[in-house]
Amino acid sequence: MESYSGFAYVYDRLMQDVDYDGWTDYLEEIFRKYKMIPRNIADLACGTGNITNRLAQRHYNLIGVDLSEDMLQIAQEKASETGVEVIFLHQDIRELLLPTELDAILCICDGINYITHGEDLAGVFKGVWNHLKKEGLFIFDISSYYKLSRILGQNTFAENLEEISYIWENYFDESRKICDFDLTIFIKEKQLYRKHEETHSQRAYQADEIIHYLKGAGFEKVDVFDAFSFHKPKKNSERLCFVCQKQSESEHAD
Ligand SMILES: C[S@@+](CC[C@H](N)C(=O)[O-])C[C@H]1O[C@@H](n2cnc3c(N)ncnc32)[C@H](O)[C@@H]1O
């Protein structure tokens with residue numbers, strides 16, 4: 001079954017503990033650290049617009065891109081409710097085609113893990129490079145190899161709430177470096193619950209592999225942080241943040 005179809009309607013409820021305000025603050029800290037005042041930003045794999053719309057509320061010009069029409073519809077509804085104007089595009093980030101050059105391109109909360117083949121990842125990075133202005137920033141995060149293989153893989157998570165319950169069964173295949181997530185969600189409809197099932201697959205990447213593909217696309221200078229900080233990743237870091245600047249060595253941050 002297609003990922004992020006029916007799941008789109010419960011995504012925000014399942015993500016309610018994620019500190020998206022703090023995440024948006026962190027992105028702005030990155031802009032400051034790299035001495036960049038972006039005006040035009042594209043948010044790839046933007047989902048329901050949790051980062052996109054927050055940045056738009058902070059007066060940046062935003063384009064949100066996602067493969068799931070259902071996620072985009074919710075993102076658009078949320079933008080309209082908060083009175084921000086965002087251009088949402090239904091696109092596969094492996095074939096990126098944006099209407100303008102950007103000061104910054106983002107891909108937040110695992111979007112890159114959904115690109116499960118190396119050659120596709122190379123294509124995503126080349127597309128980003130082509131759409132970035134000189135000195136533009138490409139900022140993205142991944143769930144780490146450690147998290148997908150050791151924390152999520154071969155584990156089952158479940159939550160039983162009044163309006164929604166879910167079972168999340170995960171299988172990590174070391175040879176393919178893929179973590180398959182089987183999600184079963186029960187959503188309350190009047191007195192009954194509707195069962196909804198979908199499978200997501202994420203690829204576990206080591207930082208070096210990602211850097212290899214970034215360099216192939218033209219990104220010479222790549223910094224990798226333990227996400228939400230500016231510290232080097234640790235062995236057990238669960239989320240890594242990559243910051244790449246489309247410029248010569250002399251322009252990079254301190
Ligand atoms: C975990 S969600 C993250 C959403 C959002 N960035 C956030 O922080 O809440 C991952 C998103 O990636 C999107 N996605 C996966 N593969 C994609 C692709 N090839 N092109 C565009 N979007 C993709 C999914 O539709 C989903 O909305």
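The values are calculated or read from the model by the stated rules, or taken from the named source; none is laboratory data. None of the values given here were measured: they were computed from a predicted structure. When we count neighbours, we look across all protein chains shown, and the Cβ atoms used for this are built from the backbone with ideal geometry, even at glycine. Remember, those area values only see protein heavy atoms, side chains included, never the ligands or the DNA or RNA. Shrake-Rupley method; radii C 1.70, N 1.55, O 1.52, S 1.80 Å.
Placing +1 on the Cβ of each Lys and Arg and -1 on the Cβ of each Asp and Glu in the chain, which of Asn236, Val65, Thr82 has its Cα farthest towards the positive end of the resulting dipole?
Asn236
Rounding to the nearest 20 debye, state how big the charge dipole of segment 147-203 is about its Cα centre with +1 on each Lys and Arg Cβ and -1 on each Asp and Glu Cβ.
In debye, rounded to 20, segment 147-203 gives about 160.
Measure off, as a whole percent, the carbon and sulfur share of the 1.4 Å-probe accessible area of the chain, all protein chains present.
Percent of accessible area from carbon and sulfur atoms in the chain: 47.
With a ≥ b ≥ c taken as the square roots of the eigenvalues of the C-alpha gyration tensor of segment 12-101, please select rounded if a/c is under 1.5 and otherwise prolate if a/b is larger than b/c or oblate if it is not?
oblate
In deg cm²/dmol, rounded to 500, what helix-only [θ] at 222 nm does the chain give when every DSSP H run of at least 4 residues adds -39500 (n - 2.57) and the total is split over its residues?
Calculated from helices alone, the mean residue ellipticity at 222 nm is -8000 deg cm²/dmol.
Tell me the net charge near Gly111. Cut-off is 10 Å between Cβ atoms, Gly111 excluded, with +1 for each Lys or Arg and -1 for each Asp or Glu.
Result for the local shell: -4.
Whose amide H sits under 5 Å from the amide H of Leu102, counting only residues 5 or more places off or on another chain, with H placed in the peptide plane?
Leu132, Lys133
For the chain, what relative contact order do you get, as a whole percent, if you take Cα pairs closer than 8 Å and at least 6 residues apart?
17 percent
Once each part is reduced to its C-alpha centroid, what is the distance from segment 164-233 to segment 26-71 in angstrom?
Going from one Cα centre to the other spans 20 Å.
Compute the signed sum of charges (Lys and Arg +1, Asp and Glu -1) over the other residues within less than 10 Å, Cβ to Cβ, of Asn50.
Here the count lands on -1.
Just Glu220, Glu209, Glu29 to compare: in a GNM of the chain, with alpha carbon springs under 10 Å, which one fluctuates most?
Glu209
Given a 1.4 Å probe and heavy atoms of the protein chains only, how would you sort Val222, Val243, largest accessible area at the top?
Val222, Val243
Taking a probe of 1.4 Å, how large is the accessible area per residue of the chain, in Å²?
Using a 1.4 Å probe on heavy atoms only, each residue of the chain averages 50 Å².
Return a whole-number percent for the relative contact order of segment 147-203, with Cα pairs under 8 Å and 6 or more residues apart as the contact set.
The normalised contact order for segment 147-203 reaches 27 percent.
How large is the dipole of the chain about the Cα centre if only Lys and Arg carry +1 and Asp and Glu carry -1, each at its Cβ, rounded to the nearest 20 debye?
580 debye
Suppose each label sits 7 Å from its Cα in the direction of the beta carbon; what would the Glu209-Gln73 distance come out to in nanometres?
My value for the distance between the label points is 3.5 nm.
Summing Lys, Arg as +1 and Asp, Glu as -1, what charge do residues with Cβ under 14 Å from the Cβ of Glu238 carry, Glu238 excluded?
With Lys, Arg at +1 and Asp, Glu at -1, the neighbours total +2.
Between their Cα atoms, which of Lys147/Lys234; Lys126/Lys147; Lys126/Lys246; Lys134/Lys232; Lys147/Lys195; Lys33/Lys235 are more than 19 Å away from each other?
Lys126/Lys147; Lys134/Lys232; Lys147/Lys195; Lys33/Lys235
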